[in-house]
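To start, the structure under review is shown below, and the notes come after it.
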Amino acid sequence: MEATADIGLIGLAVMGQNLALNIADHGFKVAVYNRTTATMKDFVAHHASTPGGLVGCATTQELVRAVKRPRKFIILVKAGPAVDAVVEELIAAGVEQDDIVVDCGNSLWTDTIRREKGYSARCKFFGSGVSGGEVGARFGPSLMPGGDPNSWQHLKPIWEAVAAKVDEQTGKPIETGAPGKPVVGGVPCTAYLGPNGAGHYVKMVHNGIEYIDMQLIAEAYTLLRDLLGMRADELGRVFARWNDGDLDSYLIQITADILGQRDPHDPNAFLVDRVLDAAGQKGTGKWTSVNALDMGIPANAIAEAVFARCLSALKEERVAASGQLQGPNTPPFAGDRAALTDAVRDALYCSKICAYAQGFQLMREAQKEYAWKLDFGTIAAIFRGGCIIRARFLQKITDAYRRNPELVNLLLDPYFKEQITRAQGNWRHVIGLASAHGIAAPAFMSALAYYDGYRSQHLPANLIQAQRDYFGAHTYERVDRPRGEFFHTAWPESGRPEQAVRGSGGH
Ligand code: 2AM
């Protein structure tokens, strides 16, 4: 087989098919391979005329021969051992050291670091996060590449062509294209993020943020529903209105659509009311939270969103407990409905600022751990279009990091500071109502706890340190001594002088 294809793609499930079509729509010829050959044959037969063209390959040997040098391959298989199996197969089929093999799956970034190093003598392994779901893959995803910078130069024309596009000034996504008619103009939602696992790491944090974004929207929904007794379609109209303001985002927009959807089996009912309230998860929110714990970064709202899904999944237990555990006897809400609706919107916005502050704080820490040099303005900019968390809000984050690339925490940016100062009264009011009425709003509450903790000069950790020293001689530092000097007291015999503990470093 003559080498005519610009890139090869392995794994023709929906994401792989859609990404292959997107690439071909931009005039690149794509060689495609799937383990089950019938899937490949069907796919190629159904899409005989794409601008770039598809080359069906029945074996990995054919695939390797079909691609022009420098050879580039995209792997889109389930994250985990399948990725290694495919890379090994490609190497056995003739992939060489200079060939670039890009894992576009949702791989754990530490796997990408391991693979890049482990395969370096045999191929250039590269990681790229892809966000935007099936439609994104087809018409413009957000792409988060990480790996060898020279490999990136070869991938860049394709990545920039197929990524979602936004208007540079407003940051607004440019409408998606149609089959064979890709979007023209705009700034692509992709940029080189750093070496080895940087792209997959950023993609993971994107997903962690996605978890909390969804949970916050769900809490706004439950508060309006339970406090005001709003019907799904009314709620849908509230979200649609919010989507015209600061909260303008893909997730708010689909929420408005979802809430207006009737049950196909019962046109008098709304479908959302018939969906079982037990959330699933595939693991990227958990990875983000575990990583936050490992690095000691307070991403409590992100973790809370994962736990909220875990709690929802205990459906049967909750149903049983609901008959036994009492809530408060607060009379129904009888205040101003419009004012409460605005307050819930403000609570959502403030919590969202904290959630993103946590996500970016995580990335700041990870770059130290892995010696990356992440550009947070660029990361926010490529989240503006294509991905699930795309939102007007991301233009504000882009602006914040462009104003100050060294910004320590998003909460300290003048715009976000002012937003929270303005809206925190409503945020606190809504959380008070949630508590008074016994409505679980864990993400709103943990975001507020983060805000109040972060802005506190004094936290009660002095007492924690004293307790630790009491029962375990773990030592403590003193407010009137330099940091790094550690003391131990023989509690509780007051009056006995404390001892300085040299070189212990604290525990
Ligand atoms: P299949 O159609 O033969 O199952 C998502 O699972 C995609 O990854 C599918 O295209 C699937 O191929 C492919 N896939 C999963 N595990 C694989 C493996 N170990 N080797 C090759 N392809 C694999």
Taking the Cα centre of the range 246-293 as origin and charging only Cβ (+1 Lys, Arg; -1 Asp, Glu), how large is the dipole, in debye to the nearest 20? 320 debye
So the number of lysine pairs in the range 301-397 with alpha-carbon atoms under 26 angstrom apart, 8 or more residues apart or on different chains, is 5
Between the helical axis of 442-454 and the dominant principal axis of the chain, each derived from Cα atoms, what acute angle in degrees is found, rounded to the nearest 10? 70 degrees
Between residue 13 and residue 322, Cβ-based FRET efficiency (R0 41 Å, step 0.05) works out to 0.55
How high is the relative contact order of the range 368-507, in percent, counting Cα pairs under 8 Å that sit 6 or more residues apart? 10 percent
Segments 443-453, 175-185 sorted - mean Cβ within 10 Å per residue, highest first: 443-453, 175-185
With Cα atoms, 0 to 90° folded angle of helix 81-92 axis to the chain main axis: 30 degrees
Need the list of lysines near residue 78 for cross-linking: C-alpha distance under 19 angstrom, and skip anything on the same chain fewer than eight residues off. 203, 282, 286
Suppose the chain between residue 421 and residue 478 were pulled fully straight at 0.36 nm per residue; how much longer would it get relative to their current alpha carbon spacing? 17.3 nm
Mind checking the angle between helix 14-25 and the chain's longest principal axis? C-alpha axes, 0 to 90 degrees, to the nearest 10. 60 degrees
Tell me whether the range 1-129 comes out rounded, prolate or oblate; compute the Cα gyration tensor, take square roots of the eigenvalues as a ≥ b ≥ c, and use a/c under 1.5 as the rounded threshold. prolate
Classified through the alpha carbon gyration tensor (a ≥ b ≥ c as square roots of its eigenvalues; rounded if a/c is under 1.5, else prolate when a/b is larger than b/c, else oblate), the chain comes out oblate
In the range 1-29, which residues have a backbone nitrogen under 18 Å from the label point lying 7 Å from residue 42's Cα in the Cα-to-Cβ direction? 10-21
On a full-extension model of 0.36 nm per residue, what is the gain between residue 315 and residue 452, subtracting their alpha-carbon distance, rounded to one decimal in nm? 46.1 nm
Full-extension gain between residue 404 and residue 466, please, as 0.36 nm times their residue separation minus the C-alpha to C-alpha distance. 18.5 nm
Pair residue 184, residue 61: separation of 7 Å Cα→Cβ label points (nm): 4.5 nm
Under 17 Å from the Cα of residue 181 - lysines, other chains or at least 8 residues apart: 29, 165
Would you work out if the range 179-260 is rounded, prolate or oblate? Take a ≥ b ≥ c from the square roots of the eigenvalues of the alpha-carbon gyration tensor; rounded if a/c is under 1.5, else prolate when a/b is larger than b/c, oblate otherwise. oblate
At 222 nm, what value in deg cm²/dmol follows for the chain if DSSP H runs of at least 4 each add -39500 (n - 2.57) and the sum is divided by all its residues, to the nearest 500? -16500 deg cm²/dmol
Order of 107-118, 306-317, 130-141 by packing, highest average Cβ count within 10 Å first? 130-141, 107-118, 306-317
I'd like to compare 207-214, 296-303: which one has the highest average count of other Cβ atoms within 10 Å, and what's the full order after that? 207-214, 296-303
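Quick note: the coordinates plus some simple rules give every number you see, no bench work behind them. No experiment lies behind these values; they were computed from the predicted model shown. Every residue, glycine among them, receives a Cβ derived from its backbone with ideal geometry; neighbour counts consider all protein chains shown.
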